[in-house]
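Trainee: I'd like to ask you about the structure that follows.
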Amino acid sequence: MNSPLDSKDSQGLLEAHRLKRVQGTLGLALRAGELRLGSDAALEMVRRRRASLVLLATDAGPNIEKKVRDKCAFYDIPVLQVLDRRQFGQACGRREAVVGAVIGPGFAQSLLRQCGKDTRG
C-alpha cells in the first residue's frame, strides 16, 4: 500500500515549491529594481557587464535563445532556464516574459542556489 505521499507526488510538490520560490525571488528583484525584462534591456545589461545572471524562458524561440546564449558566453555571464514564458511573466506581473537580466549579485546567487546550480566561482 502506498503512503499518503508517494515519491512521484512528493517530487511534484518539491518542484512546485521550488518554482514558487524562484518566482518570489524574481518578484522581489523586480521590485528592488534589480531585474531588467526584455531582450533589448537584458542584452544591454550584458554588454555593459552589469548583469550577474540572465534568465531565459524554457520555451524561448531558437533565434533569441542563440542570441542570448552567444552574448552571455562572450561576456561570461551564466544563463538560467527554469520557467516557461507564462511562469516567468507571472512572477514579474506580466502576461509573458522571455528574457531578463538580474543585476544584483545577491539575487543572482539566490536564484542559482534555488535551482541547484553551483554558485562557487
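Where a number appears in this text, it was derived from the coordinates with a stated rule and is not lab data. This structure is a prediction, so every number in the text was calculated from the model and none was measured. Heads up, the Cβs are rebuilt from the backbone with ideal geometry, glycines too, and the neighbour counts pull from every protein chain shown.
Trainee: About the Cα centre of region 7-114, what is the dipole size in debye to 20, counting +1 per Lys and Arg Cβ and -1 per Asp and Glu Cβ, all else neutral? It would help to have the intermediate numbers written out before the result.
Mentor: Working: 19 positive and 11 negative charges, 41 e Å.
Around 200 debye, computed over region 7-114.
Trainee: How charged is the neighbourhood of GLN90? Take every other residue with its Cβ under 13 Å from the Cβ of GLN90, and add Lys/Arg as +1 and Asp/Glu as -1.
Mentor: Working: positive: LYS20, ARG85, ARG86, ARG94, ARG95; negative: ASP84, GLU96.
Computed value for this residue: +3.
Trainee: Considering the dipole of the chain built from charges on the beta carbon (Lys and Arg +1, Asp and Glu -1) around the Cα centre, which of VAL82, LEU55, SER39 is farthest to its positive end?
Mentor: So the residue furthest toward the plus end is SER39.
Trainee: Follow-up question, since we're still on this one. Suppose R0 equals 25 Å; then what is the FRET efficiency for ILE64 and ALA16 from their Cβ-Cβ distance, rounded to the nearest 0.05?
Mentor: Numbers: r = 27 Å, r/R0 = 1.08.
It comes out at approximately 0.40.
Trainee: Mind ordering 71-77, 47-53 by average Cβ neighbours within 10 Å, highest first? Please report the intermediate quantities before stating the final value.
Mentor: Details: 71-77: 14.6, 47-53: 16.6.
Most protected by this proxy first, the peptides run 47-53, 71-77.
Trainee: Stick to Cα atoms and the Kirkwood definition of Rh, then tell me Rg/Rh for region 7-114. Working shown, then result.
Mentor: Numbers: Rg = 13.4 Å, Rh = 13.8 Å.
Rg divided by Rh gives 0.97.
Trainee: Using a 10 Å cut-off around each Cβ, can you sort GLU65, GLU15, GLU44 from fewest to most neighbouring Cβ atoms? Could you put the intermediate results ahead of the total?
Mentor: Numbers: GLU65 18, GLU15 10, GLU44 14.
Going from least to most buried by this count: GLU15, GLU44, GLU65.
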